[in-house]
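Just so you know, all these numbers are worked out from the coordinates, no wet-lab data involved. Since this is a predicted model, take the numbers as computed values, not measurements. Heads up, the Cβs are rebuilt from the backbone with ideal geometry, glycines too, and the neighbour counts pull from every protein chain shown.
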Amino acid sequence: MKIQSLTQLAPFSGDRMAKEIVFKKNNCKAVVFNFSPGQSLPLHDHPFTQTFALVASGEGLCYTEDENFPIKEGDLIQCGPAEKIGFENNSSSNLSVYVTLVYIEEN
């Protein structure tokens with residue numbers, strides 16, 4: 001077992017979004033993304049992956065090709081392999097999102 005503090009991983013930066021892999025093992029990967037105000041992660045997909053994103057702190061937007069969704073601390077987002085997802089910190093405070101990727105077999 002390993003315990004890590006999300007607040008100590010990927011320090012916030014005014015220059016660009018901070019990203020750090022928390023762990024990677026077998027078919028799972030966990031990543032923390034820290035967004036300072038105004039920063040974003042462009043729309044992208046993860047083929048053959050179920051994606052779960054937990055808003056650990058702050059608020060902002062989660063968006064797809066068709067919609068924008070306001071997100072806040074405690075929200076859990078699930079995204080399938082055929083869906084594209086992006087994040088934006090449109091607030092005046094920091095946003096931290098913890099993402100777990102579970103790789104699934106290709107059909």
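For Glu67 and Glu20, the difference between the fully extended length at 0.36 nm per residue and the C-alpha to C-alpha distance is 14.2 nm. Starting from the Kirkwood radius over alpha-carbon pairs of the chain, derive D by Stokes-Einstein at 20 °C in a medium of 1.002 mPa s and give it in µm² s⁻¹. Stokes-Einstein gives a translational diffusion coefficient of 152 µm²/s. Placing +1 on the Cβ of every Lys and Arg and -1 on the Cβ of every Asp and Glu, with nothing else charged, gives the range 1-96 a dipole about its Cα centre of roughly 580 debye. If you take the Cα centroid of the range 87-107 and the Cα centroid of the range 1-69, the two points sit 4 Å apart.
If I take every Cα pair under 8 Å that is 6 or more residues apart in the chain, average their sequence separation and divide by the length, what percent do I get for the relative contact order?
So the answer I get is 32 percent.
Between the amide H of Val22 and those of Ala30, Val31, Val32, distances stay under 5 Å, these residues lying 5 or more places away or on another chain, with hydrogens modeled in the peptide plane.
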